[in-house]
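Have a look at the structure below, then the notes.
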Amino acid sequence: MHVIQQILFIALTAASVYIFVRKIKEMRRNILLGRDEDLSDNPNQRWKNMVLLALGQKKMFKKPIPAFLHLAVYAGFIIINAEILEILLDGILGAHRLFVPVLGSLYGWLIGFFEILAALVLTACLIFLVRRNLLKVRRLNMAELKGWPREDANLILITEVVLMSLFLIMNTADLSLQAMNAEHYTATSPFWITSHLTGIFSGSSASTLVVIERTCWWLHIIGVFFFLNYLPYSKHFHILLAFPNAYYSKLNSNGEIKNMPEIQNEVLYMMEPDKAPAVTGEQEHKRFGAKDVTDLSWKNLLDAYSCTECGRCTSECPANQTGKKLSPRKIMMDTRDRLEEVGKNINTNKEFKDDGKTLLNDYITVEELRACTTCQACVDACPVMIDPLSIIMQLRRNLVMEESNAPQEWNMMFGNIENNMAPWKFSPDDRDAWVNDVA
């Protein structure tokens, strides 16, 4: 019987790892569909950002209560899953609590610490469920979260509640079996929480407790494997991507907009034609700005996959606060959805086949883009340095430079700059005429 369980466990582990790795490779391919961008400068500052922002969650603490709850869930879940190493080895080798002889009395202390963290995770997840579904916090119940995004958030929270509950019930049954000197259940020092819960199983037979303990053990590891393979399809993949995203975040001033060398060169060549390169044959036109996800940089696409839909960007957006259609969170969600659609297209056709859709217009509207004031509030608010403004600016550039789609006020300004080298409608020779009025 033990051999059959070992074979089933090894098969389940291998299948879970294979499916996870295959999806990760697919996501990596999707991210690399973006334009190249060199973000290898200043590695010391980048490592510092990763430690402070992704690991330390520094920016989360602008809202202390949610930040503490999130830290409890994040740190607790990650640390508790260190026990997965023991469960994996137990399952593969057909052992039970393999590390007890190695760690001795320290083992009970470690499991007790894990139980404290499990209780914190359980409590925090229940509070998050209440905030989302009963208190209905505004940023967690906006229009873009209707349907699957809301269900996704609830599913993850419920899964974590179930996993932590299974962990605690499993330990309680295990301690009860230890007290009965049941075969295979090695005695450990008391655990900090479940040692006080063994009374709930008083009167239960050893065989009943074995069924409870084994059922919880199997459901716990199956739940972990489910969680592992669900993550890449969920907003919660930020658990992993927050680290590279913080590392590759923008280091220059948030207010600095990246110029396009192609445009700068065109102006230079008009003023100094002798510097223009010789045109040889047909040259491929590089799209100005971005119309679809493949026109964005790989960092923009990494941003899209890293977004946890927390809504801090949207809650800080002045355009959204005044009733405009713009939601920076929706910009990131739309970019990720379009990228996934492009990826599925490639999976089906072995290469991308034009599907008649683009990120601009089919996912993100002109109205949303024009509502942005480029104030940087969304960038500043993001806990892991996601940059919705970069995507907005590239899509707006495409609207203006490729489609000549701009409000009349903008067109007047563009014309003045082109003809008068200033936004105002008067001759450059009269630029200092205002001095005469104050002399």
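The values are calculated or read from the model by the stated rules, or taken from the named source; none is laboratory data. On a predicted model such as this, the values are computed, not experimentally measured, just so you know. Cβ placement follows ideal geometry from the backbone for every residue including glycine, while neighbour counts extend to all protein chains displayed. Surface areas here come from the heavy atoms of the whole protein model, side chains and all, with no ligands, DNA or RNA. Shrake-Rupley method; radii C 1.70, N 1.55, O 1.52, S 1.80 Å.
Return the residue satisfying two criteria in turn: it lies in the range 22-54 and is under 20 Å from A290 (Cα atoms) and part of a helix (DSSP H, G or I), and of such residues it is most open to solvent (accessible area, probe 1.4 Å). Taking the candidates together, the pick is R29.
For A118, indicate whether it is assigned to a helix (DSSP H, G or I), within 30 Å of I331 (Cβ to Cβ), of a type in the set (A, V, I, L, M, F, W, C) and outside the structural domain of M332 (by TED's automatic domain parsing).
No, not satisfied.
For the residues D355, D337, the requirement of being part of a loop (DSSP other than H, G, I, E, B), in contact (Cβ under 8 Å) with a residue 12 or more places away in the chain and out of contact with any strand residue (DSSP E or B) (no Cβ under 8 Å at 6 or more places or on another chain) singles out D355.
Out of all the residues in the range 386-404, is one or more touching a residue at least 24 places away in the same chain (Cβ under 8 Å), part of a loop (DSSP other than H, G, I, E, B) and either closer than 30 Å to H236 by Cβ or assigned by TED's automatic domain parsing to the domain that holds R22 (or both)? Yes, there is a match, as at least one residue in the range 386-404 is touching a residue at least 24 places away in the same chain (Cβ under 8 Å), part of a loop (DSSP other than H, G, I, E, B) and either closer than 30 Å to H236 by Cβ or assigned by TED's automatic domain parsing to the domain that holds R22 (or both).
Within the range 166-221, restricting attention to residues that are among the hydroxyl-bearing types (S, T, Y), farther than 19 Å from G91 by Cβ and assigned to a helix (DSSP H, G or I), the residue that is most open to solvent (accessible area, probe 1.4 Å) is S207.
In the list I331, I263, I239, which residue meets the criterion of being open to solvent by less than 60 Å² (accessible area, probe 1.4 Å), at pLDDT below 85 and among the β-branched types (V, I, T)?
Numbers: I331 fails: at pLDDT below 85; I239 fails: at pLDDT below 85.
Of I331, I263, I239, the one residue that is open to solvent by less than 60 Å² (accessible area, probe 1.4 Å), at pLDDT below 85 and among the β-branched types (V, I, T) is I263.
For the range 115-142, the set of residues classified as open to solvent by 60 Å² or more (accessible area, probe 1.4 Å) and touching a residue at least 24 places away in the same chain (Cβ under 8 Å) consists of I116, L120, T123, L126, I127, R138, listed by residue number. Can you name every residue in the range 292-309 that is assigned to a helix (DSSP H, G or I), more than 11 Å from I386 (Cβ to Cβ) and not hydrophobic (A, V, I, L, M, F, W, C)? Result: T294, D295. Restricting attention to the range 358-373, which residues are in a loop (DSSP other than H, G, I, E, B), open to solvent by less than 60 Å² (accessible area, probe 1.4 Å) and under 12 Å from L326 (Cα atoms)? Scanning the range 358-373 gives T365, C372.
Note on the range 223-278: residues that are free of Cβ contacts under 8 Å to residues at least 12 places away in the same chain and more than 20 Å from the chain's Cα centre (by Cα) amount to 20.
Among the residues making up the range 29-72, those that are within 19 Å of C307 (Cβ to Cβ) and touching a strand residue (DSSP E or B) at 6+ places or on another chain (Cβ under 7 Å) are G34, E37. Taking the range 406-427 as the range and being open to solvent by 50 Å² or more (accessible area, probe 1.4 Å) and either outside any loop (DSSP other than H, G, I, E, B) or in contact (Cβ under 8 Å) with a residue 12 or more places away in the chain (or both) as the test, the residues that pass are Q408, E409, W410, N411, M412, M413, F414, I417, E418, N419, K425. Once the range 374-405 is narrowed to residues that are open to solvent by less than 50 Å² (accessible area, probe 1.4 Å) and among the β-branched types (V, I, T), the residue that is farthest from G289 (Cα to Cα) is V384.
Might you let me know whether the range 147-158 holds any residue that is open to solvent by 40 Å² or more (accessible area, probe 1.4 Å) and closer than 23 Å to A82 by Cα? Looking for residues that are open to solvent by 40 Å² or more (accessible area, probe 1.4 Å) and closer than 23 Å to A82 by Cα, one finds at least one in the range 147-158, hence yes. In the range 55-66, what count of residues is obtained for those that are in contact with a helix residue (DSSP H, G or I) (Cβ under 7 Å, 6 or more places away or on another chain) and open to solvent by less than 70 Å² (accessible area, probe 1.4 Å)? Within the range 55-66, residues that are in contact with a helix residue (DSSP H, G or I) (Cβ under 7 Å, 6 or more places away or on another chain) and open to solvent by less than 70 Å² (accessible area, probe 1.4 Å) number 3.
Could you check how many residues of the range 183-231 are closer than 30 Å to R28 by Cα and either in the same structural domain as M333 (by TED's automatic domain parsing) or touching a Phe, Trp or Tyr at 6+ places or on another chain (Cβ under 7 Å) (or both)? Walk me through how you get there before you give the answer.
Just the residues of the range 183-231 that are closer than 30 Å to R28 by Cα, to begin with: 220-231.
Adding the requirement that they be either in the same structural domain as M333 (by TED's automatic domain parsing) or touching a Phe, Trp or Tyr at 6+ places or on another chain (Cβ under 7 Å) (or both) leaves 220, 228-229, 231.
Selection size over the range 183-231: 4.
The condition of being at pLDDT 90 or above and in contact with a helix residue (DSSP H, G or I) (Cβ under 8 Å, 6 or more places away or on another chain) holds for only one of L93, L120, L69, that being L120.
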